[in-house]
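Here's a structure for you.
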Amino acid sequence: MNTGTTGHLVILCGPSCVGKTPLHKALRKFHPELSDRLQKLVLFNSRSPRPGERDGIDYHFRPRRQIDELKKLSRYVVFEVRNDLQALDIEQLQDSLRNRDVLFEGNPIVGRILQTHAVLAEIKKLTLFISPLSREEILYLRAPERHVVLSELITDIMRGKLLRRSRRQKGELSLQDLKDIETRASSAYRELQEAWHFKYVIPNHDGEDSDNWDAFYFLIGEARQTLEAFRGLLEGNRLPIVETWEEGLLPSET
């Protein structure tokens, strides 16, 4: 990817629990030569760390009021993501891109900011979206004779994934955990509507709740296929499972 003194910004997005984090970890494990070329973009976040997350590695975890204060400084972009306040240090990102490629792995709301922010307009980007459904499945399910409300179905799919992941991490879930799961699940459809803005879409049914990422030493199932598709795109090769979505594939629903 990096052909000059200015690196690429690799934007890897998708709904919560779709498999972005285990995909990034799998890249480090199985293709370190590619992972070593990518410096992770670390944002500020007002939420508490999840089990296994580390301050300064996954996010800069700070109180909400402290992140809100960053609005006063021009070098930061501050935004709301599913009731969490996050912030991007534009100057730090630009400095990192002078030396290497940078990976953002996270929410499509942030991904779109990185795509469209005027300060980042001239930066070379590789934009990828991970979806829990393929384009063919969406076309099948949205046909009038199926009588499927896609937004409700996708919410159900992601709610199940999020519940399985959270129970694996925490065991007993609190009321706040359940509220957080519902917020993330109900936002998945709106986030998937943004997928057409990304150059490539990789369908992946093995979300973060799937054992296929870590049950065995090697990946199996769609986890393995997703890793190979991600690897291919980083190397400039598009595998057949990689899709391109058109605007309106997921229509607005009232």
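Which helices (runs of 4 or more DSSP H) does region 27-97 wholly contain that include 3 or more residues that are under 27 Å from Arg168 (Cβ atoms)? Can you show your working first?
On the way: elements: 32-35, 64-69, 90-97.
Filter on region 27-97 gives an empty set.
Condition check ((1) more than 30 Å from Leu38 (Cα to Cα); (2) surrounded by 12 or more Cβ atoms within 10 Å (Cβ to Cβ); (3) within 21 Å of the chain's Cα centre (by Cα); (4) not β-branched (Val, Ile, Thr)) across all residues:
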site: Leu120; (1), (2), (3), (4): no, yes, yes, yes
site: Tyr140; (1), (2), (3), (4): yes, yes, no, yes
site: Val149; (1), (2), (3), (4): yes, yes, no, no
site: Ser166; (1), (2), (3), (4): no, yes, yes, yes
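If you don't mind, another one. Being in a loop (DSSP other than H, G, I, E, B) and either free of Cβ contacts under 8 Å to residues at least 60 places away in the same chain or closer than 24 Å to Arg224 by Cβ (or both) is the filter here; which residues of region 127-178 pass it? Spell out the reasoning first.
Start the filter on region 127-178 by keeping residues that are in a loop (DSSP other than H, G, I, E, B), which leaves 132-134, 142-143, 147-149, 171-174.
Correct list: Pro132, Leu133, Ser134, Ala143, His147, Val148, Gly171, Glu172, Leu173, Ser174.
Looking at Glu69, Glu91, can you tell me which residue is without any contact (Cβ under 8 Å) to a residue 12 or more places away in the chain and either surrounded by fewer than 18 Cβ atoms within 10 Å (Cβ to Cβ) or more than 16 Å from the chain's Cα centre (by Cα) (or both)? Please lay out each step first, then the result.
On the way: Glu91 fails: without any contact (Cβ under 8 Å) to a residue 12 or more places away in the chain.
Answer to the check: Glu69.
The numbers here are math on the coordinates, done by the rules we state, and not lab data. All of these numbers come straight from a predicted model, not from anything done at the bench. A quick note on method: Cβ atoms are made from the backbone with ideal geometry, for glycine too, and the neighbour counts reach across all protein chains shown.
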